[in-house]
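Peer 1: Next up is a structure, given as structure tokens.
Read-outs: derived from the displayed coordinates by stated rules, not from any lab. Since the model is a prediction, treat every value here as computed from it, not as a measurement. Methodologically, a virtual Cβ is constructed for each residue, glycine included, from the backbone with ideal geometry; neighbour enumeration extends over all protein chains shown.
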Amino acid sequence: MKDLIIIEREVLDILTYRIELLKTQIDGLYAGSGIAPQKWIDNEQACLRLSAGKRTLQSLRDAGILPFTKIGAKVFYKPEDIEKMLLLGYKSSL
């Protein structure tokens, strides 16, 4: 069963403001460093991009073929790793 948490609108507005402020600070850190934040692809997006099922991706992860990061129960991949998988499966007609 999921819990329902009720908070006052003012508290929500303060939390939203603080999150936006934190995001601005993080963006500023990246801008000053010359390093761009990495984009990640979740498991669902990777399945669509590779035209593969969740079990196939699990097998590739288990075999050490497809690098990944897991946060909680959610799995993420670097876009360049997904592109490598696409190139590995590419067969020229020549």
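Peer 1: Looking at the stretch 1-14, I want the residues that are among the aliphatic types (A, V, I, L, M) and have a partner that is assigned to a helix (DSSP H, G or I) with Cβ atoms under 9 Å, at least 6 apart or on another chain. Which pairs are those?
Peer 2: Between residues of the stretch 1-14 that are among the aliphatic types (A, V, I, L, M) and residues that are assigned to a helix (DSSP H, G or I), the close pairs are 7/15.
Peer 1: Within the stretch 68-82, work out how many residues are loosely packed, with under 13 Cβ neighbours inside 10 Å and not β-branched (Val, Ile, Thr). Walk me through how you get there before you give the answer.
Peer 2: To start, the set of residues in the stretch 68-82 that are loosely packed, with under 13 Cβ neighbours inside 10 Å comprises 69-74, 80.
After this cut, where a residue has to be not β-branched (Val, Ile, Thr) as well, the list is 70, 72-74, 80.
So the answer is 5.
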